[in-house]
Amino acid sequence: QVQLVESGGGLVQAGSSLSLSCVVSGRPFDSFIVGWLRQAPGKEREFVAAITRTEAIYYGDWPKGRFTISRDRAKSTVYIHMHTVTPEDTDVYHCAIHTGGLTRDARNYDSWGQGTQVTVSS
């Protein structure tokens, strides 16, 4: 069974940069798409970015070019690099997998990790 473990969250000031990591285990790393999503309490899941084994990438509309997703096959790890963060980026960020085609629909992602909290102070 696939397991995803996120790390790298924390408290940062607005305008700074932050990188989150998602380590994947339990299934071959190239057998699915890995996405980053976020979900605040009481709110719907929101797509952030996703990357395929061939490094095709989708980004959500909201990061507006400030986030970059990447993967390291040797480490079975997917990263999300967050730049020029704002208080609106405050949330719990999760990684999850999708076995179909590349999609921005957060409902299609499964096996979510426990998440890592990002808090941006103004």
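The values are calculated or read from the model by the stated rules, or taken from the named source; none is laboratory data. The structure presented is a predicted model; accordingly, all values stated were derived computationally and were not measured. When we count neighbours, we look across all protein chains shown, and the Cβ atoms used for this are built from the backbone with ideal geometry, even at glycine. Remember, those area values only see protein heavy atoms, side chains included, never the ligands or the DNA or RNA. Shrake-Rupley method; radii C 1.70, N 1.55, O 1.52, S 1.80 Å.
Could you derive backbone 3J(HN,Hα) for region 70-75 from the dihedral phi with the Karplus parameters 6.51, -1.76 and 1.60 (θ = phi - 60°), listing whole Hz in sequence and x where the residue is Gly or Pro?
Per residue, the Karplus-derived 3J(HN,Hα) values read 8, 9, 10, 4, 5, 9 Hz.
Within a Cβ distance under 13 Å of Ser21, other residues only, what is the Lys/Arg minus Asp/Glu net charge?
Working: positive: Arg71, Lys75; negative: Glu6, Asp72.
Value of the local net charge: 0.
With the other protein chains left in place, how much accessible area per residue, in square angstrom, belongs to region 19-119 at a 1.4 angstrom probe?
Here the residues of region 19-119 average 49 Å² of exposed surface.
For region 22-27, just list the computed ³J(HN,Hα) in residue order, Karplus coefficients 6.51, -1.76 and 1.60, θ = phi - 60°, integers in Hz, with x standing in for Gly and Pro.
After applying 6.51 cos²θ - 1.76 cosθ + 1.60, I find 9, 9, 10, 9, x, 9 Hz.
Whenever you get a sec, compute what percent of the accessible area on the chain sits on carbon and sulfur atoms (1.4 Å probe).
In the chain, the share of accessible area belonging to carbon and sulfur is 47 percent.
When DSSP assigns beta bridges and you keep just the ones with both residues in the chain, what percent turn out antiparallel, to the nearest 5? Don't skip to the answer; put the middle values down first.
On the way: 35 of 39 bridges.
Rounded to the nearest five, the antiparallel share is 90 percent.
Please compute, for the alpha-carbon atoms of region 63-110, the extent along each of the three principal axes and give them in descending order in Å.
Taking the Cα atoms of region 63-110, the three principal extents are 32, 28, 19 Å.
Residue by residue through region 89-105, what is 3J(HN,Hα) from phi via Karplus (6.51 cos²θ - 1.76 cosθ + 1.60, θ = phi - 60°)? Round to whole Hz and write x for glycine and proline.
7, 4, 4, 9, 9, 10, 10, 7, 10, 9, 9, x, x, 4, 8, 9, 7
Against the empirical 2.2 N^0.38 Å scaling, what ratio does the C-alpha Rg of the chain come to? Walk me through the numbers before you get to the answer.
Numbers: Rg = 13.3 Å, N = 122, 2.2 N^0.38 = 13.7 Å.
My calculation over the Cα atoms of the chain gives 0.97.
For Ala74 and Ser122, what is the calculated FRET efficiency with R₀ set at 41 Å and r taken between the beta-carbons, to the nearest 0.05? If you can, show how the numbers build up before the last one.
Numbers: r = 38 Å, r/R0 = 0.93.
Taking R0 as 41 Å, the efficiency between Ala74 and Ser122 is 0.60.
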